[in-house]
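Below: one structure, written as structure tokens.
The values are calculated or read from the model by the stated rules, or taken from the named source; none is laboratory data. The structure presented is a predicted model; accordingly, all values stated were derived computationally and were not measured. All Cβ positions, glycine included, derive from the backbone under ideal geometry; neighbour counts span all protein chains shown.
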Amino acid sequence: MDISEKLLAIEEIKLLKARYFRYCDGKEWGKFEQLFVPNLVCEAEDNGSILIHGAREFAEASRKFLGSSVSIHHGHTPEIEILGPATARGIWVMQDILTWENGDPINGFKRIMGWGHYHENYSKVSDGWRIATWKLTRVRLERSM
């Protein structure tokens, strides 16, 4: 790949992640699911390790946890490395703020605010880039009842 192809791929991946945040916070779960390869692997370290296999399963788990919340997710300063014509990886600094009127469906917290990093691998498929692996590591997580 020449430099212009790599730069175009980086911009396409940034757009993919922007849609991730917008669809998640807008509760557009059908569109959210389409951002991932079908055999997506997800891992989060919020309360121990959470491992989810599959785009549909991740979208459904996200819907169950975030569906009744008001949420905002931010991603900043992406480090995106193009590994080949159809593979890339990236790290994003993140912050999220989640609130529930009646408490979250797992622990009953009314507010969660966190900081950390998304570690992702991307695959280019016939209709564009998709997230192939997703891992959330937290630097700090504040929760209140």
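Listed values, structure above:
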| read-out | value |
| --- | --- |
| Of the criteria (1) crowded, with 18+ Cβ neighbours inside 10 Å; (2) touching a strand residue (DSSP E or B) at 6+ places or on another chain (Cβ under 7 Å), which one Val93 fails | (1) |
| Candidates Lys135, Lys110 - the one that is in contact (Cβ under 8 Å) with a residue 60 or more places away in the chain and more than 24 Å from Ile3 (Cβ to Cβ) | Lys135 |
| Test: residue in region 99-107 that is part of a strand (DSSP E or B), touching a residue at least 12 places away in the same chain (Cβ under 8 Å), among the aromatic types (Phe, Trp, Tyr) and within 16 Å of Ser68 (Cβ to Cβ) | yes |
| Qualifying positions in region 40-72 - closer than 20 Å to Arg111 by Cβ and of a type in the set (D, E, K, R) | Glu45, Asp46, Arg63, Lys64 |
| Residue that is farthest from Tyr20 (Cα to Cα), among those in region 120-134 that are of a type outside the set (Asp, Glu) and surrounded by fewer than 16 Cβ atoms within 10 Å (Cβ to Cβ) | Ser126 |
| Any chance Trp100 is more than 18 Å from Arg22 (Cβ to Cβ), loosely packed, with under 15 Cβ neighbours inside 10 Å and among the aromatic types (Phe, Trp, Tyr) | no |
| Check on Ser62, in contact with a helix residue (DSSP H, G or I) (Cβ under 8 Å, 6 or more places away or on another chain), surrounded by 13 or more Cβ atoms within 10 Å (Cβ to Cβ) and among the polar types (S, T, N, Q) | yes |
| Flag if Thr137 is in a strand (DSSP E or B), modelled with pLDDT under 95 and under 18 Å from Tyr20 (Cβ atoms) | yes |
| Listing of strands (runs of 3 or more DSSP E) fully contained in region 1-87 that carry 3 or more residues being at pLDDT 95 or above | 36-44, 69-84 |
| Residue in region 28-45 that is farthest from the chain's Cα centre (by Cα), counting only those that are surrounded by fewer than 16 Cβ atoms within 10 Å (Cβ to Cβ) and within 27 Å of Val139 (Cα to Cα) | Glu45 |
| Residues within region 69-87 that are loosely packed, with under 12 Cβ neighbours inside 10 Å and either in contact with an Asp or Glu (Cβ under 7 Å, 6 or more places away or on another chain) or polar (S, T, N, Q) (or both), tallied | 1 |
